[in-house]
Each structure stands twice: as structure tokens, then as C-alpha cells.
Protein chains: 2
Amino acid sequence: RLLPVIMALSCNFSVGVNLTDFNFFFPQNGTKKFWDFMRTHDSVSILIFNTSRQCFVVVKQFRPAVYMCEVERHHPEVFQNQNKESFPSLENPLPAVVGVTYELCAGIVDKPGLSLEEIACEEILEECGYRVSTADLRRITSYRSGVGVTGSRQTLFYAEVNDQMRSSGGGGQPEEGELIEVVEIPLGESMKFAYDETFPKTMGVIFSFMWFHNNIAPKLPKK
Amino acid sequence: RLLPVIMALSCNFSVGVNLTDFNFFFPQNGTKKFWDFMRTHDSVSILIFNTSRQCFVVVKQFRPAVYMCEVERHHPEVFQNQNKESFPSLENPLPAVVGVTYELCAGIVDKPGLSLEEIACEEILEECGYRVSTADLRRITSYRSGVGVTGSRQTLFYAEVNDQMRSSGGGGQPEEGELIEVVEIPLGESMKFAYDETFPKTMGVIFSFMWFHNNIAPKLPKK
């Protein structure tokens, strides 16, 4: 039986995403093993389907981590001197669009007084501008995300909305640095979109679109 | 248009998972924004179906990050003094089983000379013990994983295997600290397993099982 021993806690408090780094080591088969992980919050994500216009409502946002992956892919030299205090400047930086991804509406669970459903409803309103009550949410399932690094639990919900429930344009909270574009994906094009790798997206988008086609689409009233 | 500026590179080199931490900030709407991210490798994951026994082959392993999430959930006091150099010891540490997850066979892309397919075949052999050639792999799709933290690209493959292709028990590379248990999930129970939240798993497992049921199962020869 593995018995992890929590040992040391390290350096980095991060502004912006509320992550903290920890190291710990645990004995595994008699040898010491170190592991880094990032402390993150559990999260919720929501597949939103607008019945008025028969489309999915997803968000599109700039992701620094995705952008940096692309920088490394195209300019590996930037990362080669990892001990230096600063990166060299790039003469031709990549355009920000390479860091943009399509994602489900989502949010972290950081308010102890609220249920997962209440947090999901807040995110739907803030990011996408629809007023949804917790009774309108259907829980799809939960799973572990980023098991190598964060290990937090994500719970996926489904919400049906219509144009009457729209109260704002959404777009996140600019004062918290969120810059979110609400994007509608027509139902008829959704599986093509899901498997088109030229639109960078999370697995949550692909999985939930497929879930909808298996579980909801067969019961939709014919228009 | 957002134009990220790469600025500072920070502290943590990690043993075990080959991650490095970076911070950078970028101007967004005129304000400076910091963001932490972890540098990780792209990865491959493989849905493996054994036709001899009509079952999926997945792996089960202890994940330190998942374990630490559970420690925090059950013993939040451990994380409260984040400036201390060491954690308090727990009198009754959680059993390691709370950090175990079911996952697809997977591996990181860290060998520049090898294609994604070649790396996938190596992982299938190392982790699950089956000899598969790259021609036997079917690419399902790719997506971004952990967009908040890592942003790396993961490519998902499908591989059909049979008992004659099994050359070892798998189990990973103990010299690299991998302790992996190979688990077979019978096809007939697979969707029940996928949605049973008492088995902690990644979204990759749920998504790929559903993909199989939509795309492969209808074409399987009746046994």
C-alpha cells in the first residue's frame, strides 16, 4: 500500500488563476519519489443548448497557457535557457489568436456557501448572459481533470435555454480580467465542428456535443 | 488585439513529471495581467479494445495530484498556512486509494524523433503489454487539455488488439516510477462504468467509450 507523506511546500503564489504550487514526496516501492502539483479548485462546466435557435452556446477565450505552448512549438529557442531571469524578446511574436480556444461555459468552485448548481447558474449568467435556475440544470457526470498536474474534480451539467432567458450579452467579468466571447454553434453543424481540429477546443466540448446527440437530440421536438 | 509579452521565468524545476513553471504577463485592455502556467509536453492517449475478450483495456494508477485534492477536501487545515516550510503531519492520513484513477493508456510526447503514432505504440506496449503497429492505430481527434494551466495538445487514438498481440503484462516502467495496473472493462458494462462516479476517472475514458459505442460497436461482428 502506498502511503504518501506530505513534506514540503514551495514557492509560487500566482495572481490571476489562484493556483499554488506544492511539492511532496512519497515512498513508492521503497524509493522516494518527488512530485509537483498545482493546487486548483474543483470546477463546473455547462453544456448550454438554446432551443429558440437550435444551437449550442460556448465560449471562446484567450488562454495564456495555450499561447505559450504555441510559442514553444514555433520558437523552442525561447525556452532553452531556463535558468535565465528573462526570456529573449521575439521579433515577430505569434498573433494572440493561436492562444484562443473554444470551451464550455465553466467556472471554479471557490465559494463555500454555494452548491455546484448555484455556481453553474452564476457562470451561465456571467459568461453567456442567460438566467437559469438550478432546477433547470441536469447533471451529466463528474470526472478528474488534469490528473498529472491538478487532479481536481470537474462536474458537467446540461442546461437548456431560450432567447427569453437572455438578460445580457455575457462576456465574463472584465474587472476580473475575463475576456470571453460567446459563440453559437448550430446543432446541424455541431459534430462537424467537434471533430474539426482547426478549431482548437477542449475535450469537454467534443464529449458534451456527442452526449447531446446520444441523449437529447432524439427527443427534441421536430421544428 | 491581445499581444502577449513574455517577461519573467520563475523558480520550479520538478523531478518526476518534467514540468517547469513560468509566469508571464501580458497587457489586456490596458492593464497588466499576470498568469502562471506549467510547461508540459503534448501527449497521446489510446482507447484500446481487446476483440478476443470484448473488453476495453484501461489503466489504473495512483495520482499524487488527485490524492492531494482529496487531502485538501478532507483536511483543509493542512493547506491553511501556505507560508510554512512544511505541512503538519496527519495522524490519520487518507488511504492511497483515494488518489487512484482509471485512465486511458497515455504518454507524453518527449521524443523528437518519433511520430505521435510511434509514441502511442510504445505506450501501449509499456503500459498494457500489447504489440501494436502504427498502421493499426486510428486517429480519433485532438484537443487542448487543461487550458487554464497547461494548454498542451492531446491526440486520441483507437487501437484494436487481441490476446495474440499480448507480449507482457504491461504495468509501466518501474524504473521511472510508474506503477500501473492494467484493468479490463467488459464492453457490456462499459457505459455503466463510464457514468458511475464512484469509479474516479478522466473525461478521456468517458468520451472514448461513448465514441466507441457510436462509431465502432455498430460494426462489430456478432459473437
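The values are calculated or read from the model by the stated rules, or taken from the named source; none is laboratory data. Values in this document were obtained by computation on a predicted structure and should not be read as measured data. Glycine gets a Cβ as well: all are built from the backbone with ideal geometry, and neighbour counts include every protein chain shown. For accessibility, only protein heavy atoms count, side chains too; no ligands or nucleic acids. Shrake-Rupley method; radii C 1.70, N 1.55, O 1.52, S 1.80 Å.
General observations
- FRET efficiency, A:E77 to A:D110 (Cβ-Cβ, R0 30 Å, nearest 0.05): 0.20
- Sequence-distant residues sharing a close amide H with B:G170 (under 5 Å, placed H): B:G129
- Taking each of A:K60/B:K60; A:K60/A:K111; A:K219/B:K192; A:K60/A:K222 in turn, the alpha-carbon distance tops 27 angstrom for A:K60/B:K60; A:K60/A:K222.
- Here the gap between B:L220 and B:L179, fully extended at 0.36 nm per residue and compared with their Cα-Cα distance, gives a gain of 11.5 nm.
- Peptide A:206-218 shows a mean partner chain C-beta count of 3 within 10 Å per residue C-beta.
- Each other copy places its own label point for B:N162 at 5.4 nm from this one, sorted shortest first, where the point lies 7 Å along the Cα-to-beta carbon line.
- With 10 Å² as the minimum drop in accessible area between chain alone and full protein complex (1.4 Å probe), the qualifying residues in the range A:130-173 are A:R139, A:I140, A:T141, A:S142, A:Y143, A:R144, A:V147, A:G148, A:V149, A:T150, A:G151, A:R153.
- Across identical copies of the chain, B:T198 has label-point separations of 4.8 nm, listed in ascending order, with the point defined 7 angstrom from Cα along Cα→Cβ.
- Remark: label point of B:H213 defined 7 Å out from Cα along the Cα-Cβ vector; separations to the same position in other copies 1.5 nm, ascending.
- Each residue was assigned an accessible area with a 1.4 Å probe, and for A:H213 the value is about 60 Å².
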